[in-house]
1. How many residues are within 14 Å of chain A (Cβ to nearest Cβ), buried (at least 22 other Cβ atoms within 10 Å of the Cβ) and not in a loop (DSSP other than H, G, I, E, B) when one looks only at region B:80-114?
2. Checking B:Ala131 against (1) more than 28 Å from B:Arg58 (Cα to Cα); (2) part of a helix (DSSP H, G or I), which test does it fail?
3. Inside region B:143-168, can you point out the residues that are away from chain A (no Cβ under 14 Å) and under 29 Å from B:Gly54 (Cα atoms)?
4. Mind listing whichever residues of region A:32-77 are part of a strand (DSSP E or B) and either more than 14 Å from chain B (Cβ to nearest Cβ) or acidic (Asp, Glu) (or both)?
5. Being out of contact with any helix residue (DSSP H, G or I) (no Cβ under 6 Å at 6 or more places or on another chain) and open to solvent by 50 Å² or more (accessible area, probe 1.4 Å) narrows it down to one residue among B:Ala220, B:Ala164, B:Ala168, B:Ala134; which is it?
6. Just for region A:1-19: of the residues that are open to solvent by 40 Å² or more (accessible area, probe 1.4 Å) and within 24 Å of B:Gln109 (Cα to Cα), which one is nearest to the other protein chains (Cβ to nearest Cβ)?
7. Just checking, does region B:116-126 include any residue being open to solvent by 30 Å² or more (accessible area, probe 1.4 Å) and among the β-branched types (Val, Ile, Thr)?
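The values are calculated or read from the model by the stated rules, or taken from the named source; none is laboratory data. The structure displayed is predicted, hence computed values, not measured ones. Virtual Cβ from ideal backbone geometry, glycine too; neighbours counted across all protein chains shown. For accessibility, only protein heavy atoms count, side chains too; no ligands or nucleic acids. Shrake-Rupley method; radii C 1.70, N 1.55, O 1.52, S 1.80 Å.
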Amino acid sequence: MKARVHVMLKDGVLDPQGEAVRHALGTLGFGGVEAVRQGKVIDLDLAATDRAAAEAEVRAMCEKLLANTVIEKYTIEIA
Amino acid sequence: MKAAVVTFPGSNCDRDLAQAFAAAGADVVRVWHKETALPEGTDVVGVPGGFSYGDYLRCGAIAAQSPVGQAIRDFAGRGGYVLGICNGFQVLTEMGLLPGALMRNAGLQFLCKPVTLRVATTDSVFTQGYARGAEVMFPIAHHDGNYTIDAEGLARLQGEDRVAFRYADNPNGSMDDIAGVLSANRRVLGMMPHPERAVDPAQGGTDGSALFRALAGMMARA
């Protein structure tokens, strides 16, 4: 079973790297970019075969390590 | 005073920190990250600067979950004294021993220079050797020192007098100019600037000595 975790800064937390990317895009002539937020994608191969159990396990991984919930939020896709 | 200084793969300020403790009169024991227990009789744990585990995932995130990380968490839970500097501060926030998080510097640059700090509280063993409001000069050397915390957490830090140091001229975008914070029991200090790089005239200043001397003096009386 495969899981994909998206980790993004929470809304309202300033993303200096996203801002730098937005500026760079503007320099390249892409003038219509109003905001850029940068995050991480983490792919996991899991031995689990039960979808609900896999999701619960990945959620625990996010809470303990994969995301810093002080500043980050995450979403989980199971496939 | 017995000081345990931890070394993770990628730590690079561990020797400086050990030297600073030793210069203040401490017995220093170096502790490898795979240890599951701290040395018997440890009074204070030093978590040094550097790039633990290559800063993979997030600065300090992997170190916080390392074998010695659990021992440090337990030690702090028993009321032990912990000093985390630079990457050590990031490790302590990732452990949950200190509130908030350290994000990428607002200007995106790695900053390596001496900065002026103001001592924001003298109500801790780490800062009792300074006068409140005193200006001290410590070097900074970090890419991710932008202290961030939610409004409620910031109000709690301010209300409980738990900001230890503030930048006189904020270099990295930290909220409320915060350079270092204390735990609720005031026994855990995390800070981005490097007091251990300001303990010998050859380093260009000795403003950091008072921190280590006060710590050693308190431990000697205990």
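1. The number of residues fulfilling the criteria is 10.
2. Only one criterion is unmet by B:Ala131, namely (2).
3. First pass over region B:143-168, keeping only residues away from chain A (no Cβ under 14 Å): B:155, B:158-168.
Of everything in region B:143-168, those that are away from chain A (no Cβ under 14 Å) and under 29 Å from B:Gly54 (Cα atoms) turn out to be B:Val163, B:Ala164, B:Phe165, B:Arg166, B:Tyr167.
4. Kept after step one, since they are part of a strand (DSSP E or B), are these residues of region A:32-77: A:39-45, A:72-77.
Hits for region A:32-77 are A:Asp43, A:Asp45, A:Glu72, A:Thr75, A:Ile76, A:Glu77.
5. Details: B:Ala164 fails: open to solvent by 50 Å² or more (accessible area, probe 1.4 Å); B:Ala168 fails: open to solvent by 50 Å² or more (accessible area, probe 1.4 Å); B:Ala134 fails: open to solvent by 50 Å² or more (accessible area, probe 1.4 Å).
Exactly one of B:Ala220, B:Ala164, B:Ala168, B:Ala134 is out of contact with any helix residue (DSSP H, G or I) (no Cβ under 6 Å at 6 or more places or on another chain) and open to solvent by 50 Å² or more (accessible area, probe 1.4 Å), namely B:Ala220.
6. A:Gln17
7. yes
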